[in-house]
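Below is one structure; the comments refer to it alone.
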Amino acid sequence: MPEKNLVEMHIGISYQEGVPPSIIDKFIDNISVGDISLTVEKRPITPYAAMEWVVPSVIFAYLSKSYFDAFLKEAGKDHYILLKNSLAALFKVILGKKPEDRPRVRSLLFSILSQSHEGVPLKFIFPEGVSHEKYEIILSELLILLMEHHSKFPNDRLTLYLDIGQPLGRTFYLEYSVIDEKWVLINPATEMMTRP
């Protein structure tokens, strides 16, 4: 997302060329209420020489600190439910009718970016090979994790993760563990050692 927009923006959506704009337009229409500040970015398809979970996904949503600190406090739980339902609907469009049949472990199609209470970049990587019902649970857990972080800092789960975790550059990468049924930090050192 463009750096200059991050301060004022509540939610951003970034997508690669080739994604039908109608998909993004519907998502934006669904979450556009009140004084919410939205940013949309279309990106060219660019090759990257990096671990695939570091590379920007085809579509990513950006939930800013100001969304949790300011807008959500004003709009209340109604917008949280609206955002969750709109993201779940977006998943259904981009992942198809039977996402549990997809063979990848980590999704390259969609991710959520955010920032910690202290402004540290965060990337949340979704699994593949799970049902739409499971995606809704995963999404709820992510949004609750972020809301708790911004409302209860420093006495929250995400702060505990970040305190013992290791970023790559300045960014912390988290993925949802289907086995543990929770969001966990990716350890970049371990990933680099096990990379083929």
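Odds and ends about this structure:
- Taking region 148-164 as the range and being surrounded by 16 or more Cβ atoms within 10 Å (Cβ to Cβ) and either over 15 Å from K182 (Cβ atoms) or in contact with a Phe, Trp or Tyr (Cβ under 7 Å, 6 or more places away or on another chain) (or both) as the test, the residues that pass are H150, T159, L162.
- Checked against the criterion of being of a type outside the set (S, T, Y), part of a helix (DSSP H, G or I) and at pLDDT below 85, the candidates L72, L90, L82 yield just one match: L72.
- Candidates are the residues of region 10-57 that are of a type in the set (S, T, Y) and within 19 Å of A70 (Cα to Cα); the one that is modelled with the highest pLDDT is T39.
- For region 154-161, the count of residues that are touching an Asp or Glu at 6+ places or on another chain (Cβ under 7 Å) and on the phi > 0 side of the Ramachandran plot is zero.
- If you filter region 165-188 down to residues that are out of contact with any strand residue (DSSP E or B) (no Cβ under 8 Å at 6 or more places or on another chain) and of a type in the set (A, V, I, L, M), you find that the one that is surrounded by the most Cβ atoms within 10 Å (Cβ to Cβ) is L168.
- Test: residue in region 160-167 that is among the β-branched types (V, I, T) and closer than 21 Å to S64 by Cβ: no
- When residues in region 102-113 are screened for being free of Cβ contacts under 8 Å to residues at least 60 places away in the same chain, outside any loop (DSSP other than H, G, I, E, B) and not polar (S, T, N, Q), 4 of them pass.
The values are calculated or read from the model by the stated rules, or taken from the named source; none is laboratory data. Since we're looking at a predicted model, the values are computed, not measured. Here Cβ is always computed from backbone atoms with ideal geometry, including for glycine, and neighbour counts include all displayed protein chains.
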